[in-house]
């Protein structure tokens with residue numbers, strides 16, 4: 001009997017559609033291992049250490065932190081723009097320096113790297129003079145997270161956006177409970193629990 005089970009298990013494991021292993025959809029839950037929902041303090045520390053960028057206090061206003069320079073995916077970065085909602089980090093825009101005309105080589109390289117990691121984009125089109133590609137990462141019952149790349153031929157190179165609308169739309173978390181002194185009970189009160 002055992003001799004028949006081994007070939008059957010091998011056939012099932014190698015057959016498409018009959019795979020015993022569940023197929024997983026790639027997900028993103030942040031930017032550069034910085035989770036969506038992180039505080040500005042966490043982002044300042046982590047982004048600077050991972051990319052060698054410099055915080056720009058002058059151009060950081062309101063719910064936007066700006067960082068100048070650094071590296072991302074092997075490219076030189078002109079700047080990062082990090083966006084916050086009351087629930088924390090919800091979007092990270094990376095502007096990479098472009099050296100090729102109309103930034104097409106940089107766009108093609110970033111698109112190829114993202115395709116290798118996450119599969120083909122859900123959308124890949126020209127929007128006026130801008131070449132754009134978008135990857136969506138569904139979250140049950142919530143807006144999808146996304147990665148969106150845009151070639152800006154008359155702008156700042158290639159823009160790469162990591163975004164979580166679920167985090168942006170989340171209600172602000174309630175404040176932590178305050179410390180409360182326990183109520184006085186009799187010695188045998190624990191017995192009721």
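The values are calculated or read from the model by the stated rules, or taken from the named source; none is laboratory data. What you are looking at is a predicted structure, and each value in this text was computed from that prediction instead of being measured. Quick reminder, even Gly has a Cβ in these numbers, built from the backbone with ideal geometry, and neighbours come from all protein chains shown.
Laid out as a table, the results:
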read-out: Single condition residue 172 does not satisfy, out of (1) on the phi < 0 side of the Ramachandran plot; (2) modelled with pLDDT under 95; (3) surrounded by 11 or more Cβ atoms within 10 Å (Cβ to Cβ); value: (3)
read-out: Where residue 114 falls short, out of the listed (1) in a loop (DSSP other than H, G, I, E, B); (2) within 16 Å of residue 158 (Cβ to Cβ); value: (1)
read-out: Residue match in segment 75-93 (condition: crowded, with 17+ Cβ neighbours inside 10 Å, touching a strand residue (DSSP E or B) at 6+ places or on another chain (Cβ under 9 Å) and assigned to a helix (DSSP H, G or I)); value: no
read-out: Looking only at segment 135-149, and only at residues there that are without any contact (Cβ under 8 Å) to a residue 24 or more places away in the chain and under 11 Å from residue 111 (Cα atoms), the one that is surrounded by the most Cβ atoms within 10 Å (Cβ to Cβ); value: 135
read-out: Whichever residue in segment 119-131 is crowded, with 17+ Cβ neighbours inside 10 Å and either touching a helix residue (DSSP H, G or I) at 6+ places or on another chain (Cβ under 9 Å) or within 23 Å of residue 71 (Cβ to Cβ) (or both) and, among such residues, is modelled with the highest pLDDT; value: 121
read-out: Evaluation of residue 113 against (1) surrounded by fewer than 20 Cβ atoms within 10 Å (Cβ to Cβ); (2) within 26 Å of residue 166 (Cα to Cα); (3) touching a helix residue (DSSP H, G or I) at 6+ places or on another chain (Cβ under 8 Å) (one fails), failing number; value: (3)
read-out: Which numbered condition residue 81 fails, given (1) in contact with a helix residue (DSSP H, G or I) (Cβ under 7 Å, 6 or more places away or on another chain); (2) closer than 17 Å to residue 149 by Cβ; value: (1)
read-out: Some residue of segment 33-46 being under 18 Å from residue 158 (Cα atoms) and modelled with pLDDT of 95 or more; value: no
read-out: Residue in segment 140-151 that is over 19 Å from the mean Cα position of the chain (by Cα), outside any helix (DSSP H, G or I), closer than 29 Å to residue 33 by Cβ and modelled with pLDDT under 90 present; value: no
read-out: Some residue of segment 34-49 being touching a residue at least 24 places away in the same chain (Cβ under 8 Å), in contact with a strand residue (DSSP E or B) (Cβ under 9 Å, 6 or more places away or on another chain), outside any helix (DSSP H, G or I) and over 23 Å from residue 143 (Cβ atoms); value: no
read-out: Breaking point among (1) touching a helix residue (DSSP H, G or I) at 6+ places or on another chain (Cβ under 8 Å); (2) surrounded by 14 or more Cβ atoms within 10 Å (Cβ to Cβ); (3) at negative phi, for residue 107; value: (1)
read-out: Answer from 89, 152, 64, 52 - the residue that is farther than 18 Å from residue 26 by Cβ and touching a residue at least 60 places away in the same chain (Cβ under 8 Å); value: 89
